[in-house]
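Just so it is clear, none of the values below were taken in a lab; they were calculated from the coordinates. Keep in mind the model is a prediction, meaning the values are calculated, not measured. Please note: Cβ atoms are built from the backbone with ideal geometry, for glycine as well, and neighbour counts cover all protein chains shown.
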Amino acid sequence: MISQQPYFIRAIYEWCIDNNLTPYLVAKVDDKVVVPLQYVQNNQIVLNISNDAIKDLLMDNEYISFNARFQGNSNAISIPVANVMAVFAKENGEGMEFSQVKEPEPSSTNSESQNNGLKLVK
């Protein structure tokens, strides 16, 4: 089955845009992520993904990619959906947090693994 995460990311992004809010994305940075490393803190990066901040946004079921400027320099950004930790509105903090859960064990009773590690945030 396809993960629900890319659908939730797109939904929160569209909700932000429809409500004139600024969508932000938090991603875990590893060797699969392409971002300017000087903006990474604690193996994470926080990105403004509003229409005013980026261009050529593509959000599919596996990757989020776009072009963004950092200190005047254009950068191609690429983030696996699995690395997205949260997407939220800057103005009110509402959005969704995604746990970085490994494959749950079959006998797990952890409610977070039962809901695919998804949490609403505010």
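Rounded to the nearest Hz, the phi-derived 3J(HN,Hα) couplings of segment 15-26 under the Karplus curve 6.51 cos²θ - 1.76 cosθ + 1.60 (θ = phi - 60°) are 4, 4, 4, 4, 9, 6, 9, 9, x, 10, 10, 10, where x marks glycine and proline. Using a/c under 1.5 as the rounded threshold, could you call segment 1-89 rounded, prolate or oblate? The axes a ≥ b ≥ c are square roots of the C-alpha gyration tensor eigenvalues, and prolate needs a/b larger than b/c, oblate otherwise. Oblate is the answer for segment 1-89, as a/c is 1.5 or above yet b/c matches or exceeds a/b. Label positions at Asn43 and Ser65, each projected 7 Å from the Cα along the C-beta direction, are separated by 2.5 nm. Taking amide H as placed 1.01 Å from N in the peptide plane, Lys90 has its amide H under 5 Å from the amide H of Thr22, Tyr24, each at least 5 places away in sequence or on another chain.
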